[in-house]
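J.: This is the structure I have questions about; it appears just below.
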Amino acid sequence: MRNRKSSKSPLLFEAMSIFFGMIAITTLSHIVDEYLGLAGVSFLYLILVIWVSYKSQLATSIFVAIGSFLLINFFYVEPRYTFVIGSIESWSALLGFLLVSIAITSLVHQLRRQKEIAEKETFKANLLRAIIEIYSVETDSIVALQKFCRLLKSELGCEVAILKLDSTAKDSIELASSKPGEVKFDSWYLSHA
């Protein structure tokens, strides 16, 4: 029950921040509309779309882009306060906004995925570098395995053990561990190893 509340709170917070962001951009756009015109107002909404793209999922970002398109159409395109588009210039401006919004949303999400991949690869490279350093310096293989287990425990946040399995006796011999002498495996694991 507690997990449900904690998982709903970030979604509710995200939805509320997007909603208030749209209200704030709409209010700001009403204030600066006569100075900036349709291009300036579209740019303000585009900033909102970019912010949501960076912080949220792809579907949410596309929803905000379409919502911004509709808000611009309703409040700032003649005839105002309708969803009718009166001129070809307005059509091209709105469609340009929508296409740019969706393209930027897609690019921001691709960038985020590539950043996550790069962070994982950096973690792997640093871990492998540390392992190579351990094995290049340490001459005793058991001591090296022990250091390796401590390294993995610090990086992964869980207990680590390296066991040598005896296939005839279905038993294990501990070679190294992050908690020496305290590693216990249940019989199911040993029977399926």
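The values are calculated or read from the model by the stated rules, or taken from the named source; none is laboratory data. What you see is a predicted model; the values in this text were computed from it and never measured. Counting neighbours? That spans all protein chains shown, and the Cβs are built from the backbone with ideal geometry, glycine included. Please note that ligands, DNA and RNA were not included when accessible areas were found on the heavy atoms of the full protein model with its side chains. Shrake-Rupley method; radii C 1.70, N 1.55, O 1.52, S 1.80 Å.
J.: Tell me the volume per residue, in Å³, of the convex hull enclosing the alpha carbons of segment 35-104. Show your work: numbers first, answer last.
T.: Details: hull volume 5.1 nm³, N = 70.
In segment 35-104, the Cα hull volume divided by residue count equals 73 Å³.
J.: Check each of the chymotrypsin sites (Phe, Trp or Tyr not before Pro) in segment 1-86 and keep only those in coil by DSSP with at most 16 other C-beta atoms within 10 angstrom; list them in order. Kindly include the intermediate steps, with their values, before the conclusion.
T.: Working: sites: PHE13, PHE19, PHE20, TYR35, PHE43, TYR45, TRP51, TYR54, PHE63, PHE69, PHE74, PHE75, TYR76, TYR81, PHE83; in loops: TYR81, PHE83.
Here the sparse-neighbourhood loop sites are TYR81, PHE83.
J.: Right, another one. Accessible area per residue of segment 89-134 at 1.4 Å probe, in Å²?
T.: Numbers: 3180 Å² over 46 residues.
Accessible area per residue: 69 Å².
J.: Compute the semi-axes of the equivalent ellipsoid of segment 47-155, taking the square root of 5 times each eigenvalue of the Cα gyration tensor, and list them largest first in whole Å.
T.: Value: 56, 11, 6 Å, ordered largest first.
J.: Let me ask you something else. Give the calculated FRET efficiency between LEU70 and ALA103 to the nearest 0.05, with a Förster radius of 22 Å applied to their Cβ-Cβ distance.
T.: Numbers: r = 18 Å, r/R0 = 0.84.
Calculated transfer efficiency: 0.75.
J.: Then there is this: Taking R0 as 30 Å, what FRET efficiency do you get between ILE31 and VAL84 from their Cβ-Cβ distance, rounded to the nearest 0.05? Please list the in-between numbers first.
T.: Numbers: r = 24 Å, r/R0 = 0.82.
So, using R0 = 30 Å, E works out to roughly 0.75.
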